[in-house]
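Student: Mind having a look at this structure? Questions to follow.
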Amino acid sequence: SVRSMMGTDKTNMGQEVNLASEANADLDVKCPTDKRSFGAQLMRTMILTRESSLRSLRKNGLIEEKKADFSASDPTETEDLPPDVPLIPRHGSTVSVSIARYPANIEEEDRVRINTEFASAIRGILTEAYGRPPNRADVNEYVILRSGQGCSSCVCVTKPPTGHSCTQFTALWIAARLVVWALASERCDVRAGLDGGMVQTIFDAYNLPDVKGEAIESAARIMDCALPGQVLANWETFVKPLESPANQRTLSSRLFYRMDPVRHDIVVGRGVRAIVQSVIGQVTSHSYALGGG
């Protein structure tokens, strides 16, 4: 039995020491022929032995019993965390953008350099719009979300900067600026997907605020359907609010755009479809146009 193998031990002085005096009733198991079953029972025996030893030590007052605290830590204790982190659901407009095409036969070192410049471009665009660099602990206006699909990122905008009429316009402006950046670099092409919907603030494993929502996932699926240099937007949840009369009156003069009248029906999830339109426009501070075939 397992007890016969590990229930007792001999010291150098020949004295017999009982290793599991309080758990003997639980350890009387026969060794099975299946090695995996034997391993599982052996592990169970070792755990019972350890728990029994700890009980004995606590009973004799040799160690102090400590209760584990699995409750969530206070989010306000996080370093540099703003005290007004919004925890209620709110509307957000998401732009999902990625590098769609690199030069042929590119070296890995050059690919890494382009990816780094792409991340720096996102940081610079947001700094220009909001007047300060991104802060990972601040989710009051936008959140930058990393994606697992190659060199891609999502920016969920929950509050437009000064001069932008709505979050939809800010998301479109970010996508347009990144398309222009790629065209100006002449080393890569980017594509983007736009969607809008309710998002919820949560705290991640680092105890930092983050946002989750269906529109964030669907923006990435819409981006997957875009061609290099193309910006696709969800017609129902993004284009219609963007083109409302209230928002059209205050659009920034730096970006002129129009929606391609042709609408496309795409799949954005299992059993979920969306109608999307392509954005065609021009950023006036550059001589490059937006669009896609």
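Student: What is the distance, in nm, between label points placed 7 Å from the Cα along the Cα-to-Cβ direction at I202 and at S120?
Tutor: 3.4 nm
Student: List the GluC sites (Glu not before Pro) within segment 162-260 that DSSP assigns to loop and that have no more than 12 neighbouring Cβ atoms inside 10 Å.
Tutor: Of the GluC sites (Glu not before Pro), the ones in loops of segment 162-260 whose Cβ has at most 12 other Cβ atoms within 10 Å are E186.
Student: Evaluate the relative contact order of segment 102-213 (contact order divided by residue number), counting alpha-carbon pairs under 8 angstrom at least 6 apart; express in whole percent. Walk me through the numbers on the way to the answer.
Tutor: Values: 109 pairs, mean separation 23.7, N = 112.
Taking the mean separation of contacting Cα pairs over the length of segment 102-213, I get 21 percent.
Student: Another question about this same structure. Taking only Cα atoms of segment 91-185, what ratio of Rg to Rh do you get with Rh as the Kirkwood inverse-distance radius? Numbers along the way, then the final one.
Tutor: Values: Rg = 13.7 Å, Rh = 13.9 Å.
A ratio of 0.98.
Student: Would you mind calculating the gained length between V262 and N60 on full extension (0.36 nm times residue separation, minus the Cα-Cα distance), in nm to one decimal?
Tutor: Numbers: separation 202, 0.36 × 202 = 72.72 nm, distance 7.95 nm.
In short, 64.8 nm is gained.
Student: Report the net charge of residues surrounding V268, where surrounding means a beta-carbon distance below 12 angstrom and charges are Lys +1, Arg +1, Asp -1, Glu -1.
Tutor: Numbers: positive: R221, R270, R273; negative: D195, E214, E217, D224, E236, D265.
Around V268, the charge tally is -3.
Student: Tally Lys/Arg at +1 and Asp/Glu at -1 over every other residue whose Cβ is under 12 Å from the Cβ of R221; what's the total? Don't skip to the answer; put the middle values down first.
Tutor: Working: positive: R270, R273; negative: D195, E214, E217, D224.
My count for the surroundings of R221 gives -2.
Student: Scan around V190 for amide H atoms under 5 Å from its own, H built in the peptide plane at 1.01 Å from N, and keep only partners 5 or more places away or cross-chain.
Tutor: Amide H neighbours of V190: A100, G229.
Student: Expected output is a single nm value to one decimal: the length gained when fully extending between I144 and E128, i.e. 0.36 nm times separation in residues minus the C-alpha distance. What is it? All intermediate terms of the calculation are to be shown ahead of the outcome.
Tutor: On the way: separation 16, 0.36 × 16 = 5.76 nm, distance 1.51 nm.
Here the answer is 4.2 nm.
Student: Same structure, new question: With only alpha-carbon pairs counted, each pair once and no self-pairs, how large is the Kirkwood hydrodynamic radius of segment 174-280 in angstroms? Mind dumping the intermediate values first?
Tutor: Values: mean 1/r = 0.0657 Å⁻¹.
It works out to 15.2 Å.
Student: Filter the GluC sites (Glu not before Pro) in segment 84-174 to those in DSSP coil with at most 12 other Cβ atoms within 10 Å of their Cβ, and list the result. All intermediate terms of the calculation are to be shown ahead of the outcome.
Tutor: Details: sites: E107, E108, E109, E117, E128, E141; in loops: E107, E141.
Those satisfying the criteria are E107.
Student: If each residue of separation counts as 0.36 nm, what is the full-extension length gain between E108 and I275 once their alpha-carbon separation is subtracted?
Tutor: Details: separation 167, 0.36 × 167 = 60.12 nm, distance 3.70 nm.
Gain on stretching E108 to I275: 56.4 nm.
Taken together, the values in this text are just the output of simple stated rules run on the coordinates, not laboratory data. As the structure is a computational prediction, the values presented were derived from the model and not from experiment. All Cβ positions, even for glycine, are placed from backbone atoms using ideal geometry, and neighbour counts span all protein chains on display.
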